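Enquirer: Supplied in structure tokens, the structure appears directly below.
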Amino acid sequence: MTQEIDKLAWLHIQDKRLLCARSRGKVSCYLPGGKREPGESDEEALARELREELSIEILPETMVHVGVFAAQADGKPQGTTVRLTCYRAEFRGQITPAAEIEEVLWIGYQNRECCSPAGKLVLDWLKERGMIA
């Protein structure tokens with residue numbers, strides 16, 4: 001039986017490096033974001049998750065849909081996929097780890113192996129387009 005985990009992710013690139021987060025007790029890096037609560041739009045869920053995880057406010061009017069990526073969910077039984085709906089957006093505030101986030105990292109393609117399977121797909125896509133180094 002297959003199961004799909006529906007998540008939203010924020011792609012923030014600076015100096016050709018992608019912002020990632022690592023949760024307490026985890027080894028893999030993940031894209032900032034998370035699951036929507038019942039009734040939340042993509043914009044509302046992503047804004048809430050980034051406020052909780054990174055202490056920032058995204059500017060909803062600047063949100064741009066980038067793409068959807070699906071892969072085996074990290075640390076879940078085989079056949080459980082994660083579906084990442086990715087956005088870019090401007091923000092206000094200082095990126096600061098909060099809640100379950102232990103650290104934020106700026107990664108390039110050479111750091112691909114530290115990412116979750118879905119994160120690797122996103123890195124491949126960004127590299128193909130020359131958006132990260």
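What follows draws every value from the coordinates through simple rules; no lab data is involved. In this text, all values refer to a predicted model and were calculated from it rather than measured experimentally. Please note: Cβ atoms are built from the backbone with ideal geometry, for glycine as well, and neighbour counts cover all protein chains shown.
Enquirer: Please list, by residue number, everything in the range 75-93 whose backbone N is under 18 Å from a paramagnetic label point 7 Å out along Cα→Cβ of E43.
Expert: Flagged as within label range: 85-92.
Enquirer: Over the Cα atoms of the range 56-133, each weighted equally, I'd like the Debye log10 I(q)/I(0) at q = 0.15 Å⁻¹, rounded to two decimals.
Expert: -0.68
Enquirer: Quick check for me: using +1 on Lys/Arg Cβ and -1 on Asp/Glu Cβ, what's the dipole size of the chain about its Cα centre, in debye to the nearest 20? It would help to have the intermediate numbers written out before the result.
Expert: Details: 18 positive and 21 negative charges, 98 e Å.
It works out to roughly 460 debye.
Enquirer: For the chain, what is the mean residue ellipticity at 222 nm derived from helices alone (per DSSP H run of n ≥ 4: -39500 (n - 2.57); sum divided by total residues; nearest 500 deg cm²/dmol)?
Expert: -6000 deg cm²/dmol
Enquirer: Farthest toward the dipole's positive end in the chain, which of A98, P60, A47, given Cβ charges of +1 (Lys, Arg) and -1 (Asp, Glu) about the Cα centre?
Expert: Working it through, the farthest residue towards the positive pole turns out to be A98.
Enquirer: Mind computing the radius of gyration and Dmax over the alpha-carbon atoms of the range 60-102? Å is fine for both.
Expert: 14.4, 38
Enquirer: For R22, R92, what ranking results if the residue with the fewest other Cβ atoms within 10 Å of its Cβ goes first? Mind dumping the intermediate values first?
Expert: Numbers: R22 18, R92 8.
Ascending Cβ contact count within 10 Å gives the list R92, R22.
Enquirer: Next up: Looking at the chain, identify the longest residue range that excludes and avoids all GluC sites (Glu not before Pro) in DSSP loops having at most 15 other Cβ atoms within 10 Å.
Expert: Longest gap between qualifying sites, sites excluded: 41-89.
Enquirer: Could you work out the percent of alpha carbon pairs in the range 1-47 separated by over 15 Å, rounded to a whole number?
Expert: When all Cα pairs of the range 1-47 are counted, 57 percent exceed 15 Å.
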